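Undergrad: My structure is below; once you've seen it, I'll send some questions.
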Amino acid sequence: MAEPVYRRVVIKLSGEYLAGAHPFGIDQPTIDRIAGDLIAARQLGGEIAVVVGGGNIVRGVEVSSRGVSRPTGDTMGMLATVMNCLALEAAIERKGSPARTLSAFVMPQICELFTRAATHKYLAEGRIVLLGGGTGNPFFTTDTTAVLRAAEIGAHAVLKATNVDGVYSADPKKDPSAKRFERLTHSQAIEGGYKVMDATAFALARETSLPIIVFSIAEPGSIGAILRGTGHGTIVAG
């Protein structure tokens, strides 16, 4: 079997995707399929860490728009990411593969605290590591968390799983003439204002020389295809 192109990666999954066709919550068939894809990707020989959003449960920005302070709303959103990690961990382990949730918050009854040492230990053991709690600070998205954690643990790339197969000049669902990019620099992604990730995440990736691969999670096996270098996505690098 060919070695993966990217040996250690952080995969960014949106919380909204875990809701499946529902407006909120966790859709079990969806989370089971993603668990299977993560296990298949791990079996290629790479090391897999996952950052999950929380938008299927709580969106901090929306909560704060209804009268809760932004720091409190963001904290609620970060706690939602831990819930998603626990659900995904359970789905992975039901399929017979080891996983471990680490959180930016101290919550010993629920999961371990994120540290680089713990992450490296569990990745070396062959576990899929699920990174919850965002950065642990308000005002940062889970996109930025994914790039931050990737830089901290020495990952070779961030894989941004979305509903579309790359970065487009406009929303392809609304604009049929939207152009798809095969490759962009971090600076082009920031200057173009492409909404696939926030500017802070792209800026941190540029500073730490981390490539970001934007691809569609809707296609079964897409994570493994990206790791093998045969997947369809946009590479943001250099």
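Undergrad: Counting only the heavy atoms of the protein chains, how much of Glu93 is accessible to a 1.4 Å probe, in Å² to the nearest 10?
TA: Accessible area, nearest 10 Å²: 90 Å².
Undergrad: What is region 10-84 by shape, rounded, prolate or oblate, if you read a ≥ b ≥ c off the alpha carbon gyration tensor as root eigenvalues and call it rounded for a/c under 1.5, prolate for a/b larger than b/c, and oblate otherwise? Don't jump to the answer; show the numbers that get you there.
TA: Values: a/c = 4.01, a/b = 1.91, b/c = 2.10.
Oblate shape, in that a/c is at least 1.5 and b/c is the bigger or equal ratio.
Undergrad: What value does region 126-238 have for Rg/Rh, both radii from Cα atoms and Rh as Kirkwood defines it?
TA: 0.96
Undergrad: For the charge dipole of the chain, defined by +1 on Lys and Arg C-beta atoms and -1 on Asp and Glu C-beta atoms about the Cα centroid, which residue among Ala150, Gly77, Tyr6 has the Cα displaced farthest towards the positive pole?
TA: It is Tyr6, whose Cα lies furthest towards the positive end.
Undergrad: Pick out, from Gly36, Ala90, Ile235, the residue whose Cα sits farthest towards the positive end of the charge dipole of the chain, with +1 on the Cβ of Lys and Arg and -1 on the Cβ of Asp and Glu.
TA: The Cα lying farthest towards the positive end belongs to Ile235.
Undergrad: Can you tally the net charge around Leu159? Count Lys and Arg as +1, Asp and Glu as -1, for every other residue whose Cβ sits under 14 Å from the Cβ of Leu159. Write out the running numbers ahead of the final one.
TA: On the way: positive: Arg7, Arg8, Lys12, Arg42, Arg149, Lys160, Arg228; negative: Asp37, Glu47, Asp143, Asp165, Glu219.
Net charge around Leu159: +2.
Undergrad: Also, I was wondering about something else. Sorted by average packing, counted as other Cβ atoms within 10 angstrom per residue and highest first, what order do 17-26, 171-180, 219-228 take? Present the calculation step by step, with values, prior to reporting the outcome.
TA: Working: 17-26: 14.6, 171-180: 10.4, 219-228: 19.4.
So the peptides 17-26, 171-180, 219-228, ranked by packing, come out 219-228, 17-26, 171-180.
Undergrad: Just to confirm a number: summing +1 for Lys and Arg and -1 for Asp and Glu over residues other than Ser14 whose beta-carbon lies under 12 angstrom from that of Ser14, what do you get?
TA: On the way: positive: Lys12, Arg59, Lys160; negative: Glu16, Asp143.
Residues close to Ser14 contribute a combined charge of +1.
Undergrad: Taking a cut-off of 17 Å between Cα atoms, list the lysines near Lys174, but don't count ones fewer than 8 places away on the same chain.
TA: Lys174 reaches Lys195.
Undergrad: I've got another one for you. Please report the antiparallel percentage of the DSSP beta bridges confined to the chain, to the nearest 5.
TA: On the way: 7 of 34 bridges.
Bridges in the chain that DSSP calls antiparallel: roughly 20 percent.
Undergrad: Which value, in debye to the nearest 20, describes the size of the charge dipole of the chain about its Cα centre when Lys and Arg Cβ atoms bear +1, Asp and Glu Cβ atoms bear -1, and nothing else is charged? Don't jump to the answer; show the numbers that get you there.
TA: Details: 24 positive and 22 negative charges, 31 e Å.
In debye, rounded to 20, the chain gives about 140.
Undergrad: May I ask you to rank His186, His156 by accessible area, largest first, using a 1.4 Å probe over the protein chains only?
TA: Greatest to least solvent exposure: His156, His186.
The values are calculated or read from the model by the stated rules, or taken from the named source; none is laboratory data. Not measured: the values here are computed from a predicted model. Because the Cβ atoms are built from the backbone with ideal geometry, glycine has one as well, and the counts that use them run over all protein chains shown. When the accessible area is computed, the model is the full protein with side chains, heavy atoms only, and any ligands, DNA or RNA have been set aside. Shrake-Rupley method; radii C 1.70, N 1.55, O 1.52, S 1.80 Å.
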